[in-house]
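*Asks:* Please see the structure below; I have some questions.
The values are calculated or read from the model by the stated rules, or taken from the named source; none is laboratory data. All values reported here derive from a predicted model rather than from experimental measurement. Don't worry about glycine lacking a Cβ; one is built from the backbone with ideal geometry, like all the others, and counts go over all protein chains shown.
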Amino acid sequence: MRSMDFLLLLIAVCPGLLFCWFIYRMDKYEKESPLHLYLCFSLGMLITFPVLKLEEWTHHTGFDDTQNLWITLFSSFVIVALSEELVKFLALVLYPFRQVFFNEPIDGIIYAVVIAMGFATLENILYAYRFGVETVILRAFTAVPAHAAFAVMMGYFAGKAKFQPLKRRRFLLIALLLPVLVHGVYDFFILQEAYDWLILLAVPTLAFSIHLAWRMIRQQQENSPFKE
């Protein structure tokens, strides 16, 4: 591998790994096994492929017409947000959510973020070799933290669902729909090209998502049964 290719790969991979390290540090009272985290990260990379196939299909069907607001709304909320958050939700619910090592509310956030970072990292690698280093650096401050924030929202309610079985269905539904909603709004502001000023609204949307995610992390830290 040439040195420039290696540097590009490193820039693409680092943001996702840094967010994994950060969320691992936030698990203050009962650390998760690195093996389980590695498996979830790998699962996040694996589920990227069907979503990319779906998004590639849109390029041949007219659903990527960013000048049309209605088509962009559909693409943002269904083609992108729903498909991406659904596969991450299924990965979370079908694997770590069912396991005995998912034993405190913040574990929902931990595993959701690691899955999302696997997804975002492979996406970053593919973008790197298609669009170059400038795109990957921009995504390090936009798309990757957005994926992390949406995952915190998903994991927060998945954690509630795990330990409140009487409200499990309600919380799992919120765990899916809230990230889809916020993700869809964020992508709509970025993808649409009908009004240039609308892209500015992506910044407060991302800022709100990060603020909400931080509050959710801190609340679930306080809810840990392992806290002394």
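*Asks:* Note down all Cβ pairs under 7 Å where the first residue falls in the range 190-203 and is within 15 Å of LEU73 (Cα to Cα), the second is loosely packed, with under 10 Cβ neighbours inside 10 Å and polar (S, T, N, Q), and they're at least six residues apart or on different chains.
*Replies:* From residues that are within 15 Å of LEU73 (Cα to Cα), the pairs are GLU193/GLN67; ALA194/GLN67.
*Asks:* Confirm whether PRO165 is within 19 Å of PRO15 (Cα to Cα) and not hydroxyl-bearing (Ser, Thr, Tyr).
*Replies:* Criteria not met by PRO165.
*Asks:* Separate question: Among helices (runs of 4 or more DSSP H) lying entirely in the range 106-201, which contain 3 or more residues that are modelled with pLDDT of 95 or more?
*Replies:* Because the criterion is at least 3 residues that are modelled with pLDDT of 95 or more, the helices (runs of 4 or more DSSP H) in the range 106-201 that meet it are 106-131, 143-163, 168-191.
*Asks:* Which of the following residues is surrounded by fewer than 23 Cβ atoms within 10 Å (Cβ to Cβ), more than 27 Å from SER224 (Cα to Cα) and under 18 Å from the mean Cα position of the chain (by Cα): LEU39, LEU46, LEU7?
*Replies:* Answer to the check: LEU46.
*Asks:* Quick check: anything in the range 202-213 surrounded by fewer than 17 Cβ atoms within 10 Å (Cβ to Cβ), over 16 Å from PRO105 (Cβ atoms), modelled with pLDDT of 95 or more and aromatic (Phe, Trp, Tyr)?
*Replies:* yes
*Asks:* May I pose another question? Checking LYS88 against (1) surrounded by fewer than 15 Cβ atoms within 10 Å (Cβ to Cβ); (2) among the basic types (Lys, Arg); (3) within 30 Å of PRO225 (Cα to Cα), only one condition comes out false. Which one?
*Replies:* Condition not satisfied by LYS88: (1).
*Asks:* Next up: The conditions are (1) under 24 Å from TRP214 (Cβ atoms); (2) modelled with pLDDT of 95 or more, and ASN103 fails exactly one of them. Which is it?
*Replies:* Here ASN103 meets the rest and fails (2).
*Asks:* Looking at (1) farther than 15 Å from ILE110 by Cα; (2) over 15 Å from the mean Cα position of the chain (by Cα); (3) crowded, with 17+ Cβ neighbours inside 10 Å, find the lone condition where ARG168 falls short.
*Replies:* (3)
*Asks:* Tally time: how many residues in the range 21-38 are under 21 Å from GLN219 (Cβ atoms) and either in contact with a helix residue (DSSP H, G or I) (Cβ under 8 Å, 6 or more places away or on another chain) or part of a helix (DSSP H, G or I) (or both)?
*Replies:* 10
*Asks:* Let me ask you something else. For the range 95-108, state whether one or more residues are more than 24 Å from PHE22 (Cβ to Cβ), surrounded by fewer than 24 Cβ atoms within 10 Å (Cβ to Cβ) and free of Cβ contacts under 8 Å to residues at least 24 places away in the same chain.
*Replies:* Yes, that holds for at least one residue.
*Asks:* Also, quick follow-up: Do you know which residues across the range 100-115 are in contact with a helix residue (DSSP H, G or I) (Cβ under 8 Å, 6 or more places away or on another chain) and within 13 Å of ALA158 (Cα to Cα)?
*Replies:* Listed by number, the residues that qualify are PHE102, GLU104, PRO105, ILE106, ASP107, GLY108, ILE109, ILE110, TYR111, ALA112, VAL113.
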